[in-house]
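Enquirer: Handing you a structure now.
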Amino acid sequence: MNSRMLALTRSGALSKIFQFAIVAAACAFGASALHAQGTAAGSATGTKIGVINVRQAIASTAEGKQAGAELQSQFAPRQSELEGLNKQINDLRSRMEAGSKLSPEEQTRLQREGETKARQLQRKQDEYQEDVNAAQGEVFDRVGRKMVDVLDRYARENGYVIILDSSSQNTPILFASTNIDVTPDIVRLYDAAYPVKAGAAAPKPAAKPATPPAQKPPQQ
């Protein structure tokens, strides 16, 4: 059986799409944050150095949590569609494994159907990933821009000469004491400056999909 037919999605992989920060966006924001802190350093009178996990900070804000729940609800139908296609391919594979009970014509038909569905699944999954990334990037940019302002004010008021983004691949940090981690402070200040509107309850996250059964190696 063509291995392309067995290139199935896994619920774990789909769920990981909703881990809130996108690495590329985080790197871009990290560069902006460092630039802002460089500006603040010019007017700072202290010598303090701090670190912040930008991705964690954005995801931990009330606005970030609400946006994450909204994305879960928004993309849940498409996630279910992908899982439905995945199940159809699993069913076809199971029928193919009972090949001794099928005619050669039926075997050929099932293989072609499986390959068609596998291509359809791959295309839909690529589109899904692209749209999720774009939606997450918009949220990350929206929250991140405001967080830069909070971070800049915090640095100037507390005498920091530099605050590094520990989540950015462009800012390699081998070790940082928890004593200089300002992430909780920035989350608290952000929530105070940009509270989620009262009555705008965050949607309930989509239910976590069931884990599909373990896949057997394709049989030739």
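The values are calculated or read from the model by the stated rules, or taken from the named source; none is laboratory data. Keep in mind the model is a prediction, meaning the values are calculated, not measured. Cβ: placed from backbone, ideal geometry, glycine included. Neighbour counts: every protein chain shown. The area values use the complete protein model at the heavy-atom level, side chains included, leaving out ligands, DNA and RNA. Shrake-Rupley method; radii C 1.70, N 1.55, O 1.52, S 1.80 Å.
Enquirer: Taking only protein heavy atoms into account and a 1.4 Å probe, give the accessible area per residue of the range 63-139 in Å².
Expert: Roughly 54 Å² per residue, with all protein chains present.
Enquirer: At a 10 angstrom cut-off on C-beta neighbours, averaged per residue, how do the peptides 174-186, 107-119 rank from highest to lowest?
Expert: Output ranking for 174-186, 107-119: 107-119, 174-186.
Enquirer: Could you size up the charge dipole of the range 139-203 around its Cα centre, putting +1 on the beta carbon of Lys and Arg and -1 on that of Asp and Glu, and report it in debye to the nearest 20?
Expert: Computed about the Cα centre, the dipole is about 220 debye.
Enquirer: Where a ≥ b ≥ c are the square roots of the eigenvalues of the C-alpha gyration tensor, would you call the range 78-200 rounded, which needs a/c under 1.5, or, failing that, prolate if a/b is larger than b/c, or oblate?
Expert: Prolate is the answer for the range 78-200, as a/c is 1.5 or above and a/b outweighs b/c.
Enquirer: What are the residues whose amide H is under 5 Å from the amide H of G50, where those residues sit 5 or more places off or on another chain and H is modelled from the backbone?
Expert: Under 5 Å from the amide H of G50 lie the amide H atoms of I162, I163, L164, each far enough along the sequence or on another chain.
Enquirer: Calculate the FRET efficiency for S73 and Q120 from the Cβ-Cβ distance with a Förster distance of 25 Å, rounded to the nearest 0.05.
Expert: E(calc), rounded to 0.05, equals 0.55.
Enquirer: With a point put 7 Å past each Cα toward its Cβ, work out how far N133 is from V196 in nm, to one decimal.
Expert: 2.8 nm
Enquirer: Need one number: convex hull volume per residue for the range 115-180, Cα atoms only, in Å³.
Expert: 129 Å³
Enquirer: Relative to the present Cα-Cα distance, how much length would full extension add between R145 and T47 at 0.36 nm per residue of separation?
Expert: Contour length minus Cα-Cα distance gives 32.8 nm.
Enquirer: Quick one: what are the phi-derived ³J(HN,Hα) couplings along the range 129-144, Karplus 6.51/-1.76/1.60 with θ = phi - 60°, whole Hz, x for glycine and proline?
Expert: 4, 5, 5, 5, 4, 5, 5, 5, x, 5, 5, 4, 5, 4, 6, x
Enquirer: Return the long-range amide H neighbours of S167 (sequence gap of 5 or more, or a different chain), with a cut-off of under 5 Å between placed amide H atoms.
Expert: For S167, the qualifying residues are V54, R55.
Enquirer: Which FRET efficiency, nearest 0.05, do K65 and I180 yield, Cβ-Cβ r, R0 25 Å?
Expert: 0.50
Enquirer: Which ³J(HN,Hα) values in Hz, rounded to whole numbers, follow from the phi angles of the range 173-186 under the Karplus curve 6.51 cos²θ - 1.76 cosθ + 1.60, where θ = phi - 60° and Gly and Pro get x?
Expert: Along the range 173-186, the couplings run 10, 7, 8, 8, 5, 5, 5, 10, 7, 9, 3, x, 5, 5 Hz.
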